[in-house]
Amino acid sequence: MIPRKHNWTDLALFGGEPAFAQKLHVGRPNIGNRERLLERIASALDRRWLSNDGVFATELEQRIRDLLGVKHCTVVCNGTVGLEVGIRARGLTGEVIVPSFTFVASAHALEWLGITPVFCDVQDRTHCIDPRKVEELITPGTSAILGVHLWGQPCAVMELADIAERRGLRLLFDAAHAFGCSHQGRMIGNFGSLEVFSFHATKFFNTFEGGAIVTNDDALAERIRAMRNFGYGRHDEIIDVGTNGKMNEVSAAMGLTGLESLPEFIAVNCANYQRYKAGLAGRAGVRVLSFDENERCNYQYIVLEIDESITGISRDDLMEVLRAENVLARRYFHPGVHRLEPYRSRCPDAGSRLPVTERLANQVLALPTGTAVGVDEVSSICEIIRMVIAQSGEIRQHLAAARVPGHVASR
Ligand code: T4K
């Protein structure tokens, strides 16, 4: 039984029993059929083939190609290395326009390669790069646009493709969140020169660590494959500079096993999403980010925007309340990459041209979902949020008092 919270005095932050005995995480891994996974790992051990284009990695690439309807898939050891390999293979240089409202890896992958990320604001509704703001950032040094399909929501790919074509830029996508999603009926993976997925443990589909670079460009795919493997070409000969970005067989076994449960993972995420939407519907000042239900979607992130001027409670205070209840909500992506090093020191006032990013970084809260979270737990989380907003005045007052040094908690 999940204890009900009728009043602010029931909150764990003020001495009540936490609503959940176990911690509920954002990004708890989904795990497919354990026996199938262990069988696969045993067979890799029997074969004594653990990496370097093993049968599982090769099969995973084939299955991803089929699922996405894309010509080439190269699995890699993680999404960040996937981005680095893709960026280098596509020959990006100078400056690349990228959103600041993203995980730091989108920008770091550029910086790591000596390319300057130029931060662009995002759209209010989708949280993805705003094409209307891209053009004003283009300089003679700009080589590309790196869009991010944040939360699995597709960027405005057609508008971005149009700008890229008119201005002679390359277009790539960080699709770390968007595996299994579509845009206008076409699977993500088919846009721009290439797209990169993350299969990190915290993604709804995971290979422990891992990722994939997908493209429909034959020559680019060949470069990517070589660069992922020290620059080896087909005939045991080094044809390019390269790194070690290969996926091992245990990760690929996890991927094949996870793919068999993909519809179930998505169904659970979707049911949780619907429950959150219903549980928070009509709550003024709380927006649950909506996904386009006419498209394919993985529903892996539950994203709230908390407008304190209406709710009476800030995103950070709400997070503190929830965390005390063992709901480990996350401030993805706070404070915006432009406010992180080394970017902050280089351009301290970048925030002035990123108003939507600044707002979202202060308002967005990601909530737990995935197969480790049930719809009843989601209902309880919504109930707590509703109560906190209804009683925000008292809660704010007592939080402020509790923060005064020497204060002894009372209720
Ligand atoms: N581009 C974008 C837009 C991305 O979001 C990411 C990664 C990338 C590129 C790069 O892809 P990778 O190189 O990672 O493949 C996490 C992930 O580490 C990162 O993969 C992800 N984005 C990012 C959004 O989230 P943290 O620092 O928030 O992770 P951490 O350790 O705090 O874990 C998150 C929650 O998940 C915690 O509550 C604990 C829980 N957890 C985590 C792991 C690893 C588990 O319950 N089990 C686990 O095994 O970055």
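The values are calculated or read from the model by the stated rules, or taken from the named source; none is laboratory data. Worth saying up front: this structure is predicted, and the values here are computed from it rather than measured. Reconstructed Cβ throughout: ideal geometry from the backbone, glycine too, with neighbour counts over all protein chains shown. Just the protein is used for accessible areas: all its heavy atoms, side chains included, with ligands, DNA and RNA removed. Shrake-Rupley method; radii C 1.70, N 1.55, O 1.52, S 1.80 Å.
Quick check on this structure: which one of PHE56, PHE101 is touching a residue at least 60 places away in the same chain (Cβ under 8 Å), assigned to a loop (DSSP other than H, G, I, E, B) and not aliphatic (A, V, I, L, M)? Walk me through how you get there before you give the answer.
Details: PHE56 fails: assigned to a loop (DSSP other than H, G, I, E, B).
Just one listed residue meets the conditions, PHE101.
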Quiz item: If you check ALA107 against the conditions, is it farther than 28 Å from THR58 by Cβ, open to solvent by less than 10 Å² (accessible area, probe 1.4 Å) and in a strand (DSSP E or B)?
Solution: no
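For GLY211, state whether it is closer than 28 Å to THR58 by Cα, open to solvent by less than 10 Å² (accessible area, probe 1.4 Å) and small (Gly, Ala, Ser). Working first, answer last.
Details: closer than 28 Å to THR58 by Cα: yes; open to solvent by less than 10 Å² (accessible area, probe 1.4 Å): yes; small (Gly, Ala, Ser): yes.
Yes; evaluated as a whole, the condition is true for this residue.
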Self-check item: Residue among ARG296, ARG287, ARG331, ARG283 that is open to solvent by 60 Å² or more (accessible area, probe 1.4 Å) and within 15 Å of the ligand (Cβ to nearest atom)
Solution: ARG331
Quiz prompt | Residue list for region 344-365, filter: out of contact with any Ser or Thr (no Cβ under 8 Å at 6 or more places or on another chain) and closer than 18 Å to VAL96 by Cα | solution = ARG344, ARG346, CYS347, ARG353
Practice problem: Test each condition in (1) within 30 Å of SER51 (Cα to Cα); (2) more than 16 Å from the ligand (Cβ to nearest atom); (3) in contact with a strand residue (DSSP E or B) (Cβ under 7 Å, 6 or more places away or on another chain) for ALA252 and report the one that comes out false. | Solution: (2)
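Of the residues GLY27, GLY15, which single one is within 16 Å of the ligand (Cβ to nearest atom), in contact (Cβ under 8 Å) with a residue 24 or more places away in the chain and not aliphatic (A, V, I, L, M)? Step through it out loud before you land on a result.
Numbers: GLY15 fails: within 16 Å of the ligand (Cβ to nearest atom).
Selected residue: GLY27, the only one of GLY27, GLY15 that is within 16 Å of the ligand (Cβ to nearest atom), in contact (Cβ under 8 Å) with a residue 24 or more places away in the chain and not aliphatic (A, V, I, L, M).
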Quiz item: Which residues, taken from region 319-338, are touching a residue at least 60 places away in the same chain (Cβ under 8 Å) and either hydrophobic (A, V, I, L, M, F, W, C) or farther than 30 Å from GLY15 by Cβ (or both)?
Solution: VAL321, LEU322, ALA324, VAL327, LEU328, ALA329, PHE333, GLY336, VAL337, HIS338
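Tell me whether region 357-371 contains one or more residues that are away from the ligand (no atom under 16 Å from the Cβ), at pLDDT 95 or above and assigned to a loop (DSSP other than H, G, I, E, B). Steps first, please.
Here is the first cut: in region 357-371, the ones away from the ligand (no atom under 16 Å from the Cβ) are 358-359, 362-363.
The next check asks that each one be at pLDDT 95 or above; those that pass are 358-359, 362-363.
From what's left, assigned to a loop (DSSP other than H, G, I, E, B): none.
No, the conditions are met nowhere in region 357-371.
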Quiz item: Got at least one residue in region 185-206 being away from the ligand (no atom under 16 Å from the Cβ) and surrounded by fewer than 17 Cβ atoms within 10 Å (Cβ to Cβ)?
Solution: yes
Quiz prompt | Among (1) more than 15 Å from the ligand (Cβ to nearest atom); (2) open to solvent by 10 Å² or more (accessible area, probe 1.4 Å); (3) of a type in the set (Val, Ile, Thr), the one test that ILE97 misses | solution = (2)
Quiz item: Of all the residues that make up region 52-76, how many are open to solvent by less than 20 Å² (accessible area, probe 1.4 Å) and in contact with a Cys (Cβ under 9 Å, 6 or more places away or on another chain)?
Solution: 3
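Take ASN272 and tell me if it is surrounded by fewer than 16 Cβ atoms within 10 Å (Cβ to Cβ), at negative phi and within 16 Å of the ligand (Cβ to nearest atom).
Values: surrounded by fewer than 16 Cβ atoms within 10 Å (Cβ to Cβ): no; at negative phi: yes; within 16 Å of the ligand (Cβ to nearest atom): yes.
No, not satisfied.
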Practice problem: Filter region 19-51 down to the residues that are open to solvent by 70 Å² or more (accessible area, probe 1.4 Å) and not in a loop (DSSP other than H, G, I, E, B), then identify the one that is nearest to GLU260 (Cα to Cα). | Solution: ARG36
Exercise. Go through region 147-157 and count every residue that is in contact with a Leu (Cβ under 9 Å, 6 or more places away or on another chain), in contact (Cβ under 8 Å) with a residue 60 or more places away in the chain and open to solvent by less than 10 Å² (accessible area, probe 1.4 Å).
Key: 1
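Results for (1) open to solvent by 10 Å² or more (accessible area, probe 1.4 Å); (2) of a type in the set (D, E, K, R); (3) touching a Leu at 6+ places or on another chain (Cβ under 7 Å); (4) under 19 Å from HIS6 (Cβ atoms), shown as yes or no for each residue.
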residue: VAL327; (1), (2), (3), (4): no, no, yes, yes
residue: SER345; (1), (2), (3), (4): yes, no, no, no
residue: SER352; (1), (2), (3), (4): yes, no, no, no
residue: ARG359; (1), (2), (3), (4): yes, yes, no, no
residue: ALA372; (1), (2), (3), (4): yes, no, no, no
residue: CYS382; (1), (2), (3), (4): no, no, yes, yes
residue: GLU394; (1), (2), (3), (4): yes, yes, no, yes
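Are any of the residues in region 55-65 at pLDDT 95 or above, closer than 19 Å to PRO335 by Cα, in the same structural domain as ASN206 (by TED's automatic domain parsing) and within 16 Å of the ligand (Cβ to nearest atom)? Talk me through it step by step, then tell me what you get.
Residues of region 55-65 that are at pLDDT 95 or above, as a first pass: 55-65.
Applying the additional criterion that residues be closer than 19 Å to PRO335 by Cα yields none.
No, the conditions are met nowhere in region 55-65.
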